[in-house]
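The structure appears right after this line, and notes come after that.
The values are calculated or read from the model by the stated rules, or taken from the named source; none is laboratory data. Small disclaimer: the values here were computed from a predicted structure and weren't measured. Positions of Cβ are backbone-derived with ideal geometry, glycine not excepted, and every protein chain shown enters the neighbour counts. For accessibility, only protein heavy atoms count, side chains too; no ligands or nucleic acids. Shrake-Rupley method; radii C 1.70, N 1.55, O 1.52, S 1.80 Å.
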Amino acid sequence: MLGSVVVGLGIAGCVRMRDLVAPLPSSAAEKLSISGFVSRRTLKDQQGVKQITMTEALSRADIHVAFICTENTNHEESIRQFLEAGKHVCVEYPVTLSYTSAVDLWNLAQQKGLVLHEEHIELLTPDYKQLKKDICGRTLEKGTLHFTGGPLKPNFGFPSFSGISRLTWLVDLFGELTVTATSLVEEKENKYMKMTAHLLTQQHKPLTWIEERGPGLGRVKRIDLQFQDGTISELPAGQREPVGLFMQDLVLFGRKLQGDVSAAELQAERSRILHCLELADRMQQLSASAQA
Ligand code: NAD
């Protein structure tokens, strides 16, 4: 059994605790147990689990794994601390807020023989799995992915990072992309922002990704994907699955810890993640230079 600690008890952290307390039977998730949680607040036991300090989490020999579920600005430092302490890490996306720091951390994990896993539950949703099937073998002409949602909480980073799950969809569906332009409209006083990023596929077909957040905006993804043989303008409704998204991710992480995921799969995943972070970095730079 691998003892673990959950750091950050927000939405994601509470779901992680729930899944670690009752892992999917007969799955690789059963190899993980929960030894404590770390929070900045002083809390009583949560779901039967005790609060411990960060120092204890880093030094206890019976803790082998850390789940980093804090705001994005805090990920890099926490991951580094746990890897340096010899612990495997599962971090909620995005792993960090820059491409270079993510490369550094993956190299550190490799040197130490540890697993660094970035959760990507957006690739596990039934609707996304159906969309991927529906697109398979079709030739894209042009497309748009427009996400709207409520105002972003502080400390989640530039929209190309906080919204990296949308970018991951585009890369997972259409392969490596190039950013041609990015603009950002921000009205801080109204808690409103809209990022528009223009991308090209390797076949030079245009894709537009819009992240729009503000009060009253519903959490919705709108797609308009035009193919040679027709258009998809609504997300398909995939078949609902009995196992929750975070639990599916926990099983994948457990399989990595057991050495049960092939080197080729790990390499493909790492390349996709780093490519997305490189694009997100570029978008941030382009938006800054457009505003300068
Ligand atoms: P949240 O704001 O609900 O939770 C973050 C928590 O971390 C807060 O409780 C905060 O107090 C705590 N925290 C911050 N710094 C800390 C520190 N130094 N030590 C201990 N605790 C600390 O946010 P969330 O929605 O749970 O998101 C957390 C992470 O999960 C983010 O990286 C996000 O991108 C990712 N994520 C969330 C979801 C989701 O469905 N909520 C899905 C995928 C990924």
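General remarks:
- Couplings 3J(HN,Hα) for the range 276-291, derived from phi with the Karplus relation 6.51 cos²θ - 1.76 cosθ + 1.60 (θ = phi - 60°), are 4, 5, 5, 5, 4, 4, 4, 4, 5, 5, 5, 5, 5, 6, 5, 8 Hz, where x marks Gly and Pro.
- 16 Å Cα-Cα reach of Lys191 towards aspartates and glutamates, excluding residues that sit fewer than 8 places from it in its own chain: Glu211, Glu212
- Computed with a 1.4 Å probe over protein heavy atoms only, the accessible area of Ile232 comes to about 20 Å².
- Between the amide H of His117 and those of Val89, Cys90, Val91, distances stay under 5 Å, these residues lying 5 or more places away or on another chain, with hydrogens modeled in the peptide plane.
- Projecting the Cα atoms of His146, Ile79, Thr100 onto the charge dipole of the range 1-158, computed from C-beta unit charges around the Cα centre, puts His146 farthest toward the positive end.
- The range 152-255, dipole about Cα centre (Lys/Arg Cβ +1, Asp/Glu Cβ -1), debye to the nearest 20: 280
- Here Lys44 is the anchor, and the aspartates and glutamates within straight C-alpha reach of less than 20 Å, apart from those fewer than 8 places off in the same chain, are Asp19, Glu56.
- Student exercise, the range 1-82 dipole from Lys, Arg, Asp, Glu Cβ charges, in Debye to nearest 20: 180
- Within the shell of other residues whose beta carbon sits under 13 angstrom from the beta carbon of Leu252, the net charge comes to -4, with Lys and Arg scored +1 and Asp and Glu -1.
- Globularity ratio of the chain, using Cα Rg and 2.2 N^0.38 Å: 1.02
- Theoretical gain in end-to-end length, Arg60 to Glu234 [0.36 nm per residue, Cα-Cα removed]: 57.7 nm
- Computed magnitude of the charge dipole of the chain (debye, nearest 20; Cβ of K, R +1, Cβ of D, E -1): 420
- Antiparallel %, DSSP beta bridges [both residues in the range 1-83], to 5: 10
- Looking at the range 181-252, the trypsin sites (Lys or Arg not before Pro) that sit in a DSSP loop and have at most 10 other Cβ atoms within 10 Å of their own Cβ are Arg219, Arg240.
- Summarised in one figure, the compactness ratio Rg/Rh of the range 24-136, Cα atoms and Kirkwood Rh, is 1.02.
- Cross-link partners for Lys188 among the lysines, with Cα-Cα distance under 20 Å and sequence neighbours closer than 8 places in the same chain left out: Lys153.
- Cα coordinate range in the range 142-209, projected on the principal axes (Å, largest first): 41, 18, 16
- Calculated mean residue ellipticity at 222 nm for the chain: -11500 deg cm²/dmol, from DSSP H runs with n ≥ 4 weighted as -39500 (n - 2.57), summed, divided by the residue count and rounded to 500.
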